[in-house]
Amino acid sequence: MNKRFQDVLNDCDYFLRNNPKEVIIMRLRNEKSGGQELGAEEFRRRFNWYMDDPSMHFCPLFWTNPDWPTLGQGRGKVVLLTDFSHDWTTLKWDKHCKIQDDYNVPDDEKKKAIIACFDAAWFDQTTSQMFINFTSTAKGPIPEPSIGAQKIFPSVYAYLEPRKAQRARFGVVAMDFPNYRPDIMNLLIDKNFV
């Protein structure tokens, strides 16, 4: 994205100051790509610098706790999910989450993976892990990126709509091009009020 981490944090800080009831969930990992590829030790050093340096003013922005916050605790914060080794106390991507991120599979397989994650969340309402269900797909040449979303979203709607009146938690449902199906977004948001 050609953005420095500091720019991303400035954007998060600005958003949360203007929307203090919101929460940002951020996964942070070393992609080891781009023009400034960083080794593990340098990546960790830079992360520590952002967290340690009081002149950066970012440490209070983060939820640095090994447990998921309640919505009230998380409001106005970036809930950090780290996917690399470091010395800070944070939630860990692979330990605190149940993740479905099959993106490079055929459409039918992707639809089944999404439904399986929804089912797992539906039947396990007591876990302390957060379900994270990615609806994005990138299998094969896609002439227009939104076409993948248009293929997958009908099955997401077909799963959620019959369950709209039932109390359940589905965790995080990550969507590319959600504006193509605001009805799905509304079904997910309305789950908070059942």
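Among the residues of segment 68-98, those that are under 16 Å from SER128 (Cα atoms), part of a loop (DSSP other than H, G, I, E, B) and out of contact with any helix residue (DSSP H, G or I) (no Cβ under 8 Å at 6 or more places or on another chain) comprise PRO69, THR70, THR90. Here ARG29 passes the criteria (1) surrounded by 12 or more Cβ atoms within 10 Å (Cβ to Cβ); (2) touching a residue at least 60 places away in the same chain (Cβ under 8 Å) except the one numbered (1).
Filter segment 145-194 down to the residues that are touching a residue at least 40 places away in the same chain (Cβ under 8 Å), assigned to a helix (DSSP H, G or I) and open to solvent by 40 Å² or more (accessible area, probe 1.4 Å), then identify the one that is farthest from PHE118 (Cα to Cα). Selected residue: LYS151.
Scanning segment 81-140 for residues that are aromatic (Phe, Trp, Tyr) and surrounded by 13 or more Cβ atoms within 10 Å (Cβ to Cβ), which turns out nearest to TYR159 (Cα to Cα)? That would be PHE118.
The values are calculated or read from the model by the stated rules, or taken from the named source; none is laboratory data. Note that the structure is a prediction, hence the values are computed from the model and not measured. Note that we place each Cβ from the backbone using ideal geometry, even for glycine, and neighbour counts take in every protein chain shown. In case anyone asks, the SASA skips ligands and DNA or RNA and just uses the protein heavy atoms, side chains included. Shrake-Rupley method; radii C 1.70, N 1.55, O 1.52, S 1.80 Å.
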